[in-house]
Ligand code: SAH
């Protein structure tokens, strides 16, 4: 069965033409899918005969809400979605002054192995299709009853380890005939697959790029992120330069502070030496304790000292605001606990 939500507008038009219909129908179906239609019968502008004809080989599959947690502190919503094959992914919707922002997953699990991350504990199950990534936005927007204006691809998974579907997802979600989210309203976060960053720079999709750096030297980085054995920081930074040249988008660096690992002032000084003179921004995240990992988050004071050191030395740094701390289960922890429950 074809999942029509997986198709870009052009692919949908080709498909519709291939069964002898006018391409005009593609626009109607594409718009309905973006608005949250869950079956072809909701596409009421199509004739019954056409709906039946389509139903024999195609359907619309949206992620289904399995659990929904709402923060009492700041209204952040966390969804646990079930995919058609029973796999689970997490999606978070945050409310900012300028509107709703969503954090979507790109894979079920992850194979990057970062030492501080819960999503990778049991490895990669599979990559999401383009429609399953877009479907998280569609399903959440429908449930919230309010437009979602910006998207970060920072949930479970490594988007550049699912390159083709990720690019296709962007094409679908950006299309003004559907969700119509502008390029500047997307941010992709990667653990630093330098070859893919370089390739993505040439796609003509000028979205924001965030790189999970987490350490100022290759040696320190290899201790936290196995991917650092494949790409050096120098290779990543040179890919970032190409990205900036081609897209004009400033690159930001994420840095999770873990006590005793990367949060001392010597690390801050090394980070300053590394990034000095670059047009960039550092996003500091006090590490989220994950029970299977024994990492400790620094005290408020040591985090502030690290940030001040960067700012006083010409590196623009901010602390990531923590949202939904009461529904914590951050960074893949909700999916893990639910998988354990299913098994238990
Ligand atoms: N694979 C991508 C996107 C998913 S992770 C990436 O690596 O960027 C999103 C962000 O959360 C990354 O910066 C990741 O390093 C960070 N992260 C993961 N686990 C964390 C934890 N326990 N505490 C703080 N940040 C964490």
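Spin-label model, residue 122/residue 85: points 7 Å from Cα along the beta carbon direction are separated by 1.5 nm. Taking other Cβ atoms within 10 Å as a rough exposure proxy, 247, 82, 120 sort from fewest to most as 82, 247, 120. Of 185, 214, the sequence from fewest to most neighbouring Cβ atoms within 10 angstrom is 185, 214. Taken along its three principal axes, the alpha carbon spread of the stretch 207-277 comes to 37, 24, 18 Å, from the longest extent down to the shortest.
With 0.36 nm allotted per residue and the present C-alpha distance subtracted, the residue 313-residue 66 stretch has 84.2 nm of extension available. Separation of the stretch 220-242 and the stretch 74-103, taken as the distance between their Cα centroids, equals 29 angstrom. Can you tell me how the stretch 2-59 classifies by the Cα gyration tensor, rounded, prolate or oblate, using a/c under 1.5 as the rounded cut? Rounded. Taken along the Cα-to-beta-carbon direction at a fixed 7 Å, the label points for residue 17 and residue 234 span 5.0 nm.
Along its principal axes, the chain has C-alpha extents of 70, 48, 37 angstrom, given from the largest down.
Out of the DSSP beta bridges found with both residues in the chain, what percent are antiparallel (nearest 5)?
Percent antiparallel among DSSP bridges in the chain is about 45.
With respect to the chain, whose longest principal axis is taken over its alpha-carbon atoms, helix 130-144 is tilted by about 90°.
Could you give the angle, 0 to 90 degrees to the nearest 10, between helix 300-312's Cα long axis and the longest principal axis of the Cα atoms of the chain? It works out to around 90 degrees.
Estimated from helices alone, the mean residue ellipticity of the chain at 222 nm is -10500 deg cm²/dmol (sum of -39500 (n - 2.57) over DSSP H runs with n ≥ 4, per residue). With axes computed from alpha carbons, what is the tilt in degrees of helix 9-18 against the longest principal axis of the chain, rounded to the nearest 10 within 0 to 90? On a 0 to 90 degree scale, this one is about 30. From least to most packed, judged by other beta carbons within 10 angstrom and beginning with the fewest, 163, 79 follow the order 163, 79. Considering only DSSP beta bridges whose two residues both sit in the stretch 189-344, what percent are antiparallel, to the nearest 5? The antiparallel proportion sits near 5 percent.
Reported to the nearest whole Å, the Cα centre-to-centre distance from the stretch 281-318 to the stretch 162-203 is 28. Per-residue packing, averaged as other Cβ atoms within 10 Å, sorts the ranges 190-196, 281-287, 71-77 into the order 190-196, 281-287, 71-77, beginning with the highest.
Rounded, prolate or oblate: pick one for the stretch 98-221, where a ≥ b ≥ c are the square roots of the eigenvalues of its C-alpha gyration tensor, a/c under 1.5 means rounded, and failing that, prolate if a/b is larger than b/c, else oblate. Prolate, since a/c reaches 1.5 and a/b exceeds b/c. For the stretch 231-310, the spherically averaged projection of the C-alpha convex hull amounts to 6.1 nm².
Coordinate-derived values only; no laboratory data. None of the values given here were measured: they were computed from a predicted structure. Because the Cβ atoms are built from the backbone with ideal geometry, glycine has one as well, and the counts that use them run over all protein chains shown.
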